[in-house]
Structure formats: C-alpha cells, structure tokens
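Novice: Supplied in structure tokens, the structure appears directly below.
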Amino acid sequence: NNIATFIVGHMTKEGTLAGPRTLEHMVDTVLYFEGERQHTFRILRAVKNRFGSTNEIGIFEMQSGGLVEVVNPSEVFLEERLDGATGSSIVVTMEGTRPILAEIQSLMTPTVYGTAKRTSSGIDYQRVSLLLAVMEKHCGLLVQNQDAFFKITGGVKLDEPAIDLAIAVSIASSYWNQATNIEDCFIGEIGLTGEIRRVSQIKERLKEAAKLGFKRAYIPKNNLAGLDQTLAIEIVPVATIQEAIHKVFPRQ
C-alpha cells in the first residue's frame with residue numbers, strides 16, 4: 001500500500017535487540033543512533049540498507065530546541081585544537097562519500113610498572129598496537145617501555161586504513177615532544193614493512209582539507225597518479241613511514 005513503517009526497537013547493554021533478532025531481517029533499513037553521554041553530538045548510522053550504502057552517516061547536535069543537523073562536522077571537531085600541542089595530528093577520514101576531518105591525540109609516557117599500558121578511545125586497539133610495533137621497528141622509537149594512550153576528539157569512532165599515518169605521526173610527536181604544524185594533515189595506510197599504501201577518494205579528502213584552511217597534506221606517493229595538481233593545498237607525497245617522519249620532524 002506504499003505505506004512507510006518505522007519500527008522503534010530497544011537495544012540491550014550487550015548490543016542486541018530486546019526481542020526477536022529476526023526483526024532486523026524483516027525491515028529494509030536499520031538505523032543506529034550513536035553518541036557518548038558526555039557529548040552533545042549524535043551520529044545517525046545505517047547498519048542495514050537494502051537500497052543504498054551503509055557507510056553514510058548524519059551528525060546532529062542536541063540543542064534546547066531539539067536535534068539540529070551539523071552541516072560541517074569537521075569544523076566542530078577541530079575548533080578546540082591547541083596550536084603547538086604535542087601528540088596531535090589531523091586526519092581526513094571518509095564516512096561513506098563524506099570526508100570528515102578529525103583530530104587524533106596520542107600520549108606517550110614512561111611506564112612505572114613492568115608491562116606498558118595501552119589504552120585507546122575511538123580507535124581499534126589492535127590497530128594502535130600494530131602501529132606502535134611498526135614505529136619501533138622502522139623509526140627507532142623505543143615504545144616497549146612507554147605507556148600509550150590514544151583518543152579521537154569529539155567522541156567519533158574511526159575505523160579505516162587511511163588513519164594509520166596520522167596515528168603514527170601523533171605517536172612520534174608525543175614521543176619526541178615535538179608539535180606538528182597546525183596547518184598539516186595526514187592521509188595514508190601503513191603496511192607492516194613500513195610502506196605508505198594508497199587510499200581511496202583522495203581528491204575528495206584534499207578538497208575538504210583545503211576548504212577548512214589546511215595548507216599542506218601528506219599523502220601516499222602512489223596516490224599522485226592522476227591527481228589534480230591545481231588543488232589549493234600543498235601535497236607532500238611519501239613512500240615510507242621513515243620518509244614521512246623525517247619530513248615532519250626534520251631535526252630527528
């Protein structure tokens with residue numbers, strides 16, 4: 001009868017639907033409304049969609065009059081960033097077809113116990129453990145006796161390979177206590193041998209960074225082929241993590 005029907009379900013603490021799970025198989029679209037209790041931002045994410053992509057998200061802010069769409073979430077996530085802060089780097093991540101800039105923060109401190117502590121918020125724990133090992137192997141950082149803490153500001157969660165380079169730069173920044181340039185951003189996947197691998201939708205990422213005032217972007221060297229060189233942002237191609245760290249921190 002061409003009648004759209006909304007079914008509102010309840011999620012238990014274990015992340016399952018309260019009631020028969022077959023409810024998800026009956027419907028065309030399942031939407032999750034995510035967000036942390038301490039933040040005013042909420043993310044509307046499709047986890048099932050029979051007629052389109054499940055990678056698209058909508059970001060909203062709770063105000064006195066109700067939920068209001070955040071038209072440019074990148075500006076909101078970056079507005080409190082400090083100039084000269086160590087352990088901070090900016091990544092251009094993709095949520096579906098939407099580029100979003102987010103700040104990755106790392107804190108490296110000497111451990112006071114026998115085993116180094118690893119804590120991450122908004123990033124997969126296995127990813128940061130892997131990148132710490134890569135930084136120790138290929139860049140000479142002695143991180144095995146360092147407690148490492150990672151956080152994505154704004155309460156967002158990032159889970160794509162292109163955030164690897166930004167995480168690695170933030171690790172080196174905190175380890176050496178040297179700040180990154182506030183006008184730089186970092187895009188790239190890191191392999192176990194230290195190579196910087198190509199990422200998708202590089203042009204859209206660079207356009208978003210230039211729109212928000214970033215002057216320089218470190219990208220994988222293999223992404224240069226076919227890239228429009230008239231973009232209003234300086235492009236620094238890097239092939240390995242050693243080359244990237246040397247260019248970002250030349251005195252090291």
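Novice: Return yes when Gly87 is on the phi > 0 side of the Ramachandran plot and in contact with a Ser or Thr (Cβ under 9 Å, 6 or more places away or on another chain) and no when it is not.
Specialist: Answer is yes for this residue.
Novice: Being of a type in the set (S, T, N, Q) and open to solvent by less than 50 Å² (accessible area, probe 1.4 Å) is the filter; apply it to the stretch 64-89 and report the residue that is modelled with the lowest pLDDT.
Specialist: Of everything passing the filter in the stretch 64-89, Ser74 is modelled with the lowest pLDDT.
Novice: Separate question: Condition first: open to solvent by 50 Å² or more (accessible area, probe 1.4 Å), in a loop (DSSP other than H, G, I, E, B) and either at pLDDT below 90 or in contact with a strand residue (DSSP E or B) (Cβ under 7 Å, 6 or more places away or on another chain) (or both). Now tell me which residues in the stretch 100-127 satisfy that.
Specialist: Hits for the stretch 100-127 are Val112, Tyr113, Gly114, Thr115, Lys117.
Novice: Within the stretch 212-246, can you find the residues that are assigned to a loop (DSSP other than H, G, I, E, B) and touching a helix residue (DSSP H, G or I) at 6+ places or on another chain (Cβ under 7 Å)?
Specialist: Selection gives Leu212, Leu227, Asp228, Leu231, Ala232, Ile233, Ala239.
Novice: Can you work out which of the residues in the stretch 159-211 that are in contact with a Pro (Cβ under 6 Å, 6 or more places away or on another chain) and part of a helix (DSSP H, G or I) is surrounded by the most Cβ atoms within 10 Å (Cβ to Cβ)?
Specialist: My answer is Arg205.
Novice: Quick check on my filter: what residues within the stretch 1-47 are of a type outside the set (Val, Ile, Thr), surrounded by 13 or more Cβ atoms within 10 Å (Cβ to Cβ), farther than 18 Å from Gly155 by Cβ and modelled with pLDDT of 80 or more?
Specialist: Correct list: Leu31, Ala46.
The values are calculated or read from the model by the stated rules, or taken from the named source; none is laboratory data. All values reported here derive from a predicted model rather than from experimental measurement. So basically every Cβ, Gly included, is an ideal-geometry build from the backbone, and we count neighbours across all protein chains shown. Side chains included, ligands, DNA and RNA excluded: accessible areas come from the protein's heavy atoms. Shrake-Rupley method; radii C 1.70, N 1.55, O 1.52, S 1.80 Å.
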